[in-house]
1. Can you name the condition, by its number, that residue 154 falls short on among (1) surrounded by 24 or more Cβ atoms within 10 Å (Cβ to Cβ); (2) closer than 18 Å to residue 217 by Cα; (3) out of contact with any strand residue (DSSP E or B) (no Cβ under 7 Å at 6 or more places or on another chain)?
2. Return only the number of the condition from (1) out of contact with any helix residue (DSSP H, G or I) (no Cβ under 6 Å at 6 or more places or on another chain); (2) modelled with pLDDT of 95 or more; (3) within 23 Å of residue 220 (Cα to Cα) that residue 123 does not satisfy.
3. Does residue 104 fit the bill of being in contact with a helix residue (DSSP H, G or I) (Cβ under 6 Å, 6 or more places away or on another chain) and either part of a loop (DSSP other than H, G, I, E, B) or surrounded by 15 or more Cβ atoms within 10 Å (Cβ to Cβ) (or both)?
4. Where residues in the range 114-129 are in contact (Cβ under 8 Å) with a residue 12 or more places away in the chain and over 16 Å from residue 240 (Cβ atoms), which of them is surrounded by the most Cβ atoms within 10 Å (Cβ to Cβ)?
């Protein structure tokens, strides 16, 4: 694919890469993961004020730098290389996406908070029974005189321990798995009745089980039309999947690069294992998988603003390749490293853990194969 970044996009990439190289090395990340907070609020402030990257994907009339999905892709790839913990995906990509696409009355104010670093967002959409069916909701929002009463349980809400706000999907009508009746709300996490159980995730992040117990939310918390939220959710999750694909590219590049470096240093029978032909073939196959993932990710991000069916097919195609590459490259990286690859002290195991999480995030390979098949049949009908 012939794809070139603009001068401004290249500057964003170089700025992020330089900051992370100086301040977010592997040992620093290990300390962040092991800390009580699980993230660096001062680094988040630096992303906002020093680097300005929290506004890179927002239009200039919203106070941003005038970018879009490609800017998110660039930043997420660099974050993948450094295994950044801070909640860019939930806040900028997902939270910002809901604000940009919904016509929400308070969008400008929320985006101002995102760009300035004061507003952090976690997306509470998954439920224990729902898997990849976003409309399968037991959480309800029932109207009352002042707004809505929210009840339910959201599972594995990534980044919730860091969040000032939650974006919550809930039923305002219809049966549990109906397409209609899904609504989206922006909820202040400090409201009475919200109970969280926080925990670390296997890849070094933090997540929460979030329980809503008769939480009173104002009418203006509703994002988009009541009961009409599913197309909006689908669009934002597709954008988030494209961004995660870019993060995966950064992770995959490091898995391959670190494995190649290790193979040049590790000796068996008096010679570096990189000289063994069978391992050379395997590392070439790893490289091919990485490059295919790069191409599919770039294509998906280019098509993110096209019609819903074209966008969805591009995203599912990308996610299938990303999932397969994460599995193949990750497993081979560990195998070539041997037992050292599973130690906490070596970075490769941490990249493998993140790759394993990404493999199933927003849909597994099987899920996206079925989705692509369904979209293709619909188009042919």
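The values are calculated or read from the model by the stated rules, or taken from the named source; none is laboratory data. What you see is a predicted model; the values in this text were computed from it and never measured. All Cβ positions, glycine included, derive from the backbone under ideal geometry; neighbour counts span all protein chains shown.
1. Going through the list (1) surrounded by 24 or more Cβ atoms within 10 Å (Cβ to Cβ); (2) closer than 18 Å to residue 217 by Cα; (3) out of contact with any strand residue (DSSP E or B) (no Cβ under 7 Å at 6 or more places or on another chain), residue 154 breaks only (3).
2. Here residue 123 clears every test but (1).
3. Spelling it out, it is not the case that residue 104 is in contact with a helix residue (DSSP H, G or I) (Cβ under 6 Å, 6 or more places away or on another chain) and either part of a loop (DSSP other than H, G, I, E, B) or surrounded by 15 or more Cβ atoms within 10 Å (Cβ to Cβ) (or both).
4. Per the stated criteria, the residue is 115.
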